[in-house]
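The values are calculated or read from the model by the stated rules, or taken from the named source; none is laboratory data. The model shown is predicted, which means the values in this text are computed figures rather than measured ones. Ideal geometry is used to build each Cβ from the backbone, glycine not excepted, and the neighbour counts take in all protein chains shown.
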Amino acid sequence: MGARLTPNREGPPSREELAERFAEEGLRSRWWGNAAGDVYGSHAHEHPKVLYCLEGSITFHTDEGDVDLRPGDRLDLDAGTSHAATVGPNGVTCVEAFVE
């Protein structure tokens, strides 16, 4: 179990580019966002989760350490990986999908 960060190296993608990336992997995505400082308590999912940050920032807190996401960064969470999250100072907009 774990979390893998793929940093953005090409500049922030558009919503359309992120939707295409998920479609290429056969994943149905959903968008969400939160205000600055919002917090998610520790939890885990029964399926793997793929997440991209579009705007703002968010820090995921895992047993392996913190993972900071910025625009264009991708986070893959294995099923059963315990994680919490704290939204950055400018809020965050993300797109995610669960791998079944």
Those residues of region 21-40 which are loosely packed, with under 12 Cβ neighbours inside 10 Å and at pLDDT 95 or above, in sequence order: 32, 35, 37, 39
Just to be sure I understand, how many residues within region 1-53 are under 13 Å from residue 74 (Cα atoms) and touching a helix residue (DSSP H, G or I) at 6+ places or on another chain (Cβ under 6 Å)? 1
Residues of region 54-66 that turn out to be at pLDDT 95 or above and under 10 Å from the mean Cα position of the chain (by Cα), as a count: 4
Pair list, Cβ under 6 Å, 6 or more apart: region 71-100 residue without any contact (Cβ under 8 Å) to a residue 12 or more places away in the chain and closer than 16 Å to residue 30 by Cα, other residue of a type in the set (D, E, K, R) and outside any strand (DSSP E or B): none
Would you confirm, using the coordinates I've provided, whether residue 80 is more than 9 Å from the chain's Cα centre (by Cα), surrounded by 15 or more Cβ atoms within 10 Å (Cβ to Cβ) and not in a strand (DSSP E or B)? no
Residue that is surrounded by the fewest Cβ atoms within 10 Å (Cβ to Cβ) [pool: residues in region 41-70 that are part of a strand (DSSP E or B) and either on the phi > 0 side of the Ramachandran plot or of a type in the set (A, V, I, L, M) (or both)]: 65
